[in-house]
Amino acid sequence: MRTRITIAAITAALAVTLVGCNSSDDDSKPKAEATKSSSQPSVDVSAAEKAAGIPAEPNGAKRAELLRALAAANPDIVKYEDKAIDAARNQCSALNGGGSKVDWTASQRFTYKDVTTTEAQGKQINEALKGLGFCKV
């Protein structure tokens, strides 16, 4: 029993001593943060998206062509162009991955804010994405 009390007292004394040894040197923090951030590997987002079957974000004429094709299926979805483009890119992952219920998935992806997309419109969107060759990665 005496040994346990002695060990507990020594442990408590060491804990108090270590807490009191806080360094006030401001140079130690930036070094630790610099080491921490430089040791983390960088992530290649485009490679990860490509592996998931998501094409690059279209621009210029390709973007306009995609928006026109989406508007043909449901004119409301292009009210929010950036959301429509993101939804189209993400829908490609379902199409390229051979997902089931892709028409339903499209209807869900293209339903946002005050825009509702039906499953029939989702089917038209999928046909447009395939017809444009947009989802080929």
Once phi for every residue in region 110-126 is put through the Karplus expression 6.51 cos²θ - 1.76 cosθ + 1.60 (θ = phi - 60°), the whole-Hz ³J(HN,Hα) values, with Gly and Pro written as x, are 9, 9, 7, 6, 9, 10, 10, 10, 7, 5, 5, 5, x, 5, 4, 4, 4
In this structure, among 83/113; 79/101; 50/136; 50/123; 62/101, pairs with alpha-carbon gaps over 18 Å are 79/101; 50/123; 62/101
Excluding ligands, DNA and RNA, the carbon-plus-sulfur percentage of the accessible area of region 73-120 with a 1.4 Å probe reads 45 percent
Everything considered on the Cα gyration tensor (a ≥ b ≥ c; rounded for a/c under 1.5, else prolate if a/b is larger than b/c, else oblate), region 42-101 must be described as oblate
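The values are calculated or read from the model by the stated rules, or taken from the named source; none is laboratory data. Note that this is a predicted model, so its numbers are computed, not measured. These area figures cover heavy atoms from the full protein model, side chains too; ligands, DNA and RNA do not enter into them. Shrake-Rupley method; radii C 1.70, N 1.55, O 1.52, S 1.80 Å.
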